[in-house]
Structures are given as C-alpha cells and as structure tokens.
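Report on the structure given below.
No value in this document is a laboratory result; all are computed from the given coordinates. The model shown is predicted, which means the values in this text are computed figures rather than measured ones. Cβ placement follows ideal geometry from the backbone for every residue including glycine, while neighbour counts extend to all protein chains displayed.
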Amino acid sequence: MISPPLKHGHFRESCRGSTTLYLEPSHPSFPIPFSIDTAVFVRPRLGDEGSKGMLAMPPIKTQMLQAWALPALCPVPAKAATVRLSSTLEQGSRQDSVNSDDQGRTHRRTSSDGAELSPHLAIQLVELYIEEIHDRTQSIFHAATLRAKVKNDDISSALLYALCAMGSKFCADPDRAGLEARLTEVAKHLLQADLENICVENIQTCMILASLSAGNCRIQSQALYLRIASSMAEILRLHSPYTNSPIIQQEISRKIWWSLYFADRLCFSGLGLRCRIENVDNHCTLPMDELIFRSLPPDIEQGSILTWKPGIWAQLVKLSHHLVPIEDLNRRVATGVKDASKMDLELESLKHQLEAWSRLLSPEMQMSIQNVIRQEQNGFGGAFITLHLTYHHFSTLLYFRFLEGGQCSSADSSGYITLCKHHASSFSSLLHLSRQMKGCRANCPTIAHMTAVSSSVLVHSLLFDEPEDLHTARQELKTNFEALIDLQNYWPATEAMVNADPVPI
C-alpha cells in the first residue's frame, strides 16, 4: 500500500503483482513509468542500437551494469540517400550572401553534395554554438580565434558544417533549426573524404559529430568519432604541445586533450569499455582560467608573459578522475563480487575523495549565488553550473545502490541513503536555478541523463520518505520534468529516456 499518491499520478498493477507509478506532469504526452523498487536508469548495451532506454525500477543487482551510462538510445532513422540543403535555406541565405560584404566575404560555402551555406548564416550558427555549447561539456576553441576564422573563411568545410549543425539546434527559426540533419550529413561526408589528414580541425570536427550523435540516439557513432578523435590527438601528441607553437594553439591543444579525457569517461566508462585517454597529469598542464584565455587576442605574440591559474575546466577534469572508480565499484557490486568489506573501504575512500574535491575548491569556485552571478556576468555561468551539477551527479551515483537496502556489510546504510538523496535534491535545485538565469543553462544530452538519475532518487523519496518531506520531493521532481521536457526539444535521446514503456519486474 503506497500513500499518499501523487496529485498528477496514478498506479497500475502489472501482471506479476508489482506496481508501476505513472508520473504525469502538466505536459500530457510525458508519462514517466516507475516501479516500486529502487529506481535506476537502464541503458541498452552498445550493440542494441535500436532499443529504447527507460526510467524504471528493476532490482539493483541485475540492472546496475547498465545503469550508469549516458542517455539511452532511440530508433535510428534511415539515412538519407542524398544530402542537400532545402530550398528554405537556399532562399533564406541568398539575401544573407548578398549582404555579407560587411563580413569580409561574398561567396558561399558549397559542398560536393551541392549544399550551400551563406557566410552570414554560418556566422549566426557558429555564434549559437559558442553561446550554448562552448566551455560547457567541451572546451575546444578560442572563441575570438574561431569567430575570426569563420569570418575570414579560414576554416575547414567539415568543421564549419559540424559547428553549424550544432548551432542550428538552438535557432528560434524552425526552418533553420530543421537544417541540423542535412548539415550533419554534409560534415560527415567531408570528414570521411579527409580522414587521413590528421589535424586539429578534424579532431574538433569528430568531437562535435560525437556530441551530435549522442544527442540523436546514435551511441555507436558517438563512440566511433570519439575513438577517431582520441587516436588523432595521441598521434599529434596534444597532451604535450610544442613550446614554440603559438600560445593560443598550445592552450587549444590542452583543452582538446582534456575535453577528450572528460568525454572518454562519460561515454566509454559507462559502456564498460576501456577509456582511451589515460591520466597524464604529469605530462599535460590543466586548462588555464577561462577568463584569462578568452581575453587573449588571436594575434598574441609568442613569448608573452601570462599569469596561469586553474579555471572551471581544470576543476572539472580533476572531478572526472573519480567517475571510472565509481562505475567500476558499482559494476562489481552488480555482478555479485563477494569481498564486501573491501568494497566498503573503497566506497569510503571515494566518498572522502569527492568531499575533498568540493572542500578544496577555491572560494571563487565554491557553489554560491554570488559566484553564480559573477560567473554569469563573465559569460561562464553555464560552465560553472555544469561543474557543480556533475559533482552532485557523481555523488548520487556513488550512493545510489543503498536505496535498495542491505548493500553495506559493516556500516548502517541510512547515512549513505541520506547522502544520495541530498545530492539528488541539490542537483535538482541547482538545475532549476540554472534555468532561471540567462546564460546559465546547461543544455546537453549528459545533463538529461543526470536529471533522469536525480529524478529516480526523488521518486524513491516521494514513495518512502516521511509525509513532511513529500512536498519538497514533489516540487523538485516537477522541476526536473520541466527541464527534461525542455531538453527533449533539442536532444531526441531525452525523449527516449522519458517516453519508454513500463517494464514488468
């Protein structure tokens, strides 16, 4: 008997006697199925390309192997035989091209497929990429240098089309927002034709295509593009850039390396595959402070004296060191490893490491409203929010299994359950804050998955906590669902997560 039920929910008995809870927010097409066991997010294995992911509550030990990965898969549409930009783009960009003298160029970028991209439209779409994606889940450009390259037509076609494909996601104009698939296919075609050219621009192109693939339910393509990018980065030794190369290029090399390091752990560790980019702290300097790097002029002279200090991405890299051990521990628990006392010690060690990471942050990196406002004013609000959302997500994953009970051999698990719910709640509160402040939105498939995990814990609170705690859990769950509804406007993988059919257990 479960009491009290949600105001906007109802229960249904399955054929095996278990109960499924459907949470129905104000959006009528957004039913979320949960069962009354501990909630986990289940992702199909790498080969299950056509499967759907789901929010469900199967027994922890039988499903944990798949519970810690990135967003789920959805059915992959058939590939178009021929890629060509629509007449809407051609007509809309014709006037843009005529009026582009002030941008320093008057010709169109045309691919071998006949797809055209006007200079003015390209500049607009790249700017949207910078505003929405740059420095959040990947930091692989110097913004001023990128803008100059696009304006001066000094950028590879594959990279330009990939950037524009990502930027088109965030266009308010539906016609331009609909260009993503065509732009992406052109970028892929151009990259494949130039694949033996091992260069920084092709690495950047692969990383953007990997992000597009992740958001569009193509996990195998995501893994492939990340592997190609990692191999090129290793061949070019981006973790050890030449000291006589331009200062901005040296830092871009480091940023690419560490962005690959972060993406490597999010993608491959969750899939149970070996991470390609290893820890190389002693060989590769962490990224410099974002504000200092952004202020560097594209023509900065070699040998200029710079004040180096770590920034948001340096802290994100340090935090990401802990993801693989957390997932490895959860995976061993799921497979029934018997040395429980050893795993309890590992759990405590990881707990202390995560807490130490948070405690040792500099005052300007600690989570506070003042720091959020300051970072937003500097243009890094989204990156700052992403850093702290990631911290709460990793902590939630570490303690998640204790929601089932009986998961700790030597200590009372109630303390771990409290920590799990604290971090899930903190994640939800911070996510809600980010959506209220301009320039602080975290918008990527990874955030959608993190939100699904947080929601799973909040459902547990809603079902099993004391009555006085239910209002807070209900409100946080509501704001999470609102965020997921917003995210699915950009990332089809989010829709696969939240619109799955219930699974009998």
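Worth a mention:
- The peptide list 373-379, 199-205, put in order of mean Cβ contacts within 10 Å with the highest first, becomes 199-205, 373-379.
- Paramagnetic label zone (point 7 Å from Cα along Cα-to-C-beta, M437; backbone N under 11 Å) in the stretch 476-494: none
- Distance between the 7 Å Cα→Cβ label points at H321 and A356: 0.8 nm.
- In terms of packing, defined here as the mean over residues of other Cβ atoms within 10 angstrom, the peptides 249-259, 222-232 line up highest first as 249-259, 222-232.
- Over 31 Å (Cα to Cα) - which of K438/K478; K149/K438; K338/K478 fall in this group: K338/K478
- Packing-based ranking of 394-404, 164-174, 144-154, 337-347 yields 394-404, 164-174, 144-154, 337-347, ordered from highest to lowest mean Cβ neighbour count within 10 Å.
- When the C-alpha to C-alpha distance is required to be over 23 Å, the pairs from K255/K318; K188/K318; K318/K351; K255/K309 that qualify are K188/K318.
- Extension gain for C199 to L470 (0.36 nm times residue separation, less C-alpha to C-alpha distance): 92.2 nm.
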